[in-house]
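The values are calculated or read from the model by the stated rules, or taken from the named source; none is laboratory data. This structure is a prediction, so every number in the text was calculated from the model and none was measured. Here the Cβ positions follow ideal geometry from the backbone for every residue, glycine too, while neighbour counts run over all protein chains shown. SASA here: full protein model, heavy atoms, side chains in, ligands and nucleic acids out. Shrake-Rupley method; radii C 1.70, N 1.55, O 1.52, S 1.80 Å.
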Amino acid sequence: MSSIVVAEDEPRISGFIDKGLRAAGYSSTVVADGRQALERALSGQHDLMLLDIGLPTMDGFEVLRRVREADSTLPVIMLTARTGVRDTVAGLDGGADDYIAKPFKFDELLARIRLRLRQASPAGEGTLEHDGLSLDLLTRRATVGGQQTDLSAREFALAEEFLRHPEQVLSREQLLSRVWGLDFDPGSNVVDVYVRYLRGKLGNDRIETVRGMGYRLK
């Protein structure tokens, strides 16, 4: 699951982006100031950053400058309410990979994210395969036995966890944490429900129930 850090100090906007990214199957981390943004960008834990220009403690231009001075190749898409050509040029010349002005359509933001992740991914690293099942992590497409299968964002994220750990037993708690987030109700049966959905689309015999332990992709 691709990890995206959202550096945005406006709670209404960051909440909207965070919710949308999670619904689209991404892992999302929100920070509200420039120093936190820089720390996250250099942590090596994220695949892309959405960076607002008007951050407190350190603005987006300064964060970007320090990220590039550290020789980080983390893809950065700048978010801003400023629409002037000078700011756009400054962001791109400073090492931003893309630039999108607020307000924006979320589908457009997702398209730009997919593009930058695809460009940043070395050849061959954008696909997971196991026993006739293939997931394209960039286009978010699933293929079973050569036939494309439609998966929801959450189904795709769950299938991705199984394909990253084939033949390994994954507990319900592990899957809840990785796919739905640590704050999700641990008493929920949502994992069992989505495993049932996946079996219906990928084949009933692909995901095995290991009694008292969890599930395993055979």
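In segment 124-138, which residue that is among the hydrophobic types (A, V, I, L, M, F, W, C) and either part of a loop (DSSP other than H, G, I, E, B) or exposed (fewer than 15 other Cβ atoms within 10 Å of the Cβ) (or both) is modelled with the highest pLDDT?
Step one: filter segment 124-138 for residues among the hydrophobic types (A, V, I, L, M, F, W, C), giving 128, 133, 135, 137-138.
Okay, now just the ones that are also either part of a loop (DSSP other than H, G, I, E, B) or exposed (fewer than 15 other Cβ atoms within 10 Å of the Cβ) (or both), so 137-138.
On the way: Leu137: 79, Leu138: 72.
Checking each candidate, the answer is Leu137.
Before we move on, is Glu155 open to solvent by less than 30 Å² (accessible area, probe 1.4 Å), assigned to a helix (DSSP H, G or I), closer than 14 Å to Gly25 by Cα and in contact (Cβ under 8 Å) with a residue 60 or more places away in the chain?
Values: open to solvent by less than 30 Å² (accessible area, probe 1.4 Å): yes; assigned to a helix (DSSP H, G or I): yes; closer than 14 Å to Gly25 by Cα: yes; in contact (Cβ under 8 Å) with a residue 60 or more places away in the chain: no.
Taking the combined requirement at face value, the residue does not satisfy it.
Given the conditions (1) modelled with pLDDT of 90 or more; (2) hydrophobic (A, V, I, L, M, F, W, C); (3) more than 21 Å from the chain's Cα centre (by Cα); (4) surrounded by fewer than 22 Cβ atoms within 10 Å (Cβ to Cβ), report the number of the one that Val85 does not fulfil.
It fails just one condition, (1).
Looking at Arg164, Arg178, which one is without any contact (Cβ under 8 Å) to a residue 40 or more places away in the chain and under 26 Å from Arg114 (Cβ atoms)? Lay out the reasoning, then the answer.
Values: Arg178 fails: without any contact (Cβ under 8 Å) to a residue 40 or more places away in the chain.
Only one candidate qualifies: Arg164.
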